[in-house]
Amino acid sequence: DGGITQSPKYLFRKEGQNVTLSCEQNLNHDAMYWYRQDPGQGLRLIYYSQIVNDFQKGDIAEGYSVSREKKESFPLTVTSAQKNPTAFYLCASSINTISGANVLTFGAGSRLTVL
Amino acid sequence: GEDVEQSLFLSVREGDSSVINCTYTDSSSTYLYWYKQEPGAGLQLLTYIFSNMDMKQDQRLTVLLNKKDKHLSLRIADTQTGDSAIYFCAERYGGSQGNLIFGKGTKLSVKP
């Protein structure tokens, strides 16, 4: 079955450590996205990529980094510069962003807790 | 900038209809979406509508769009306990990026 796989589901990090969240899709989608979800805050866009080897900052990119070396993969690194990293992270993908409805398909999410 | 507003909570009795409301700000032609999120899970697309439409119906779901007031609603008929979730309204940005901006979500609680 096609879909988006995020791993790990739960992750604990000590302050000062970098962590990388994995996102893999087998939907042959061009565009991929990372969102952060906090209680009562909705979804906020961290980074997005419309094509391989290219990505753009979203609304809250500070303290995060991404890469897009393969169409299927869009890992997110939460660096020690991110002051409040405890959150639920959602990865999504879509066929394209140029025209049409740009329907996003979401992964199941990764919950990061900083100890 | 663009913004999407929703009330945060809604409580209904099983079997009643639920109506979740949303307002948006983009005045250009755009797509508007409803997503559902169950606890600890990702978002699942329920339906979407283009802004030149007034209504879209899909089984128990009815979407109504008032473009003049920039008001979108999702009606769930015969609400079941399995409908308890957070419902997000989203609007597509204008421009080629096509990114979505999400509301903060409405938590629907269905009482038996």
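The values are calculated or read from the model by the stated rules, or taken from the named source; none is laboratory data. This structure is a prediction, so every number in the text was calculated from the model and none was measured. Counting neighbours? That spans all protein chains shown, and the Cβs are built from the backbone with ideal geometry, glycine included.
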Practice prompt. Could you run through region A:58-103 and say how many residues are crowded, with 21+ Cβ neighbours inside 10 Å, modelled with pLDDT of 95 or more and either more than 13 Å from the chain's Cα centre (by Cα) or part of a loop (DSSP other than H, G, I, E, B) (or both)?
Written response: 1
Fill in: Candidate set: region B:72-112, residues that are in a strand (DSSP E or B) and of a type in the set (Ser, Thr, Tyr); chosen: the one farthest from the other protein chains (Cβ to nearest Cβ)
B:SER73
Discussion item. Given the condition hydrophobic (A, V, I, L, M, F, W, C), exposed (fewer than 15 other Cβ atoms within 10 Å of the Cβ) and outside any loop (DSSP other than H, G, I, E, B), answer yes or no: does some residue in region A:33-51 qualify?
Written reply: yes
Worksheet, complete the sentence: Selection from region A:104-115 of residues in a strand (DSSP E or B) and within 14 Å of chain B (Cβ to nearest Cβ) yields A:THR105, A:PHE106, A:SER110, A:ARG111, A:LEU112, A:THR113
Worksheet item: How many residues are among the acidic types (Asp, Glu) and at pLDDT below 95 if we restrict to region B:21-55?
Response: 2
Worksheet, complete the sentence: Considering region B:22-38, residues that are more than 11 Å from every other protein chain (Cβ to nearest Cβ) and not small (Gly, Ala, Ser), and then whichever is nearest to the chain's Cα centre (by Cα), we arrive at B:TRP34
Practice prompt. Please determine, by comparing only the residues of region B:5-15 that are loosely packed, with under 13 Cβ neighbours inside 10 Å and at pLDDT 95 or above, which one is nearest to the chain's Cα centre (by Cα).
Written response: B:PHE9
Practice prompt. Give region A:10-51 a look and list any residue that's of a type in the set (A, V, I, L, M, F, W, C) and touching an Asp or Glu at 6+ places or on another chain (Cβ under 7 Å), or say none.
Written response: A:LEU45, A:ILE51
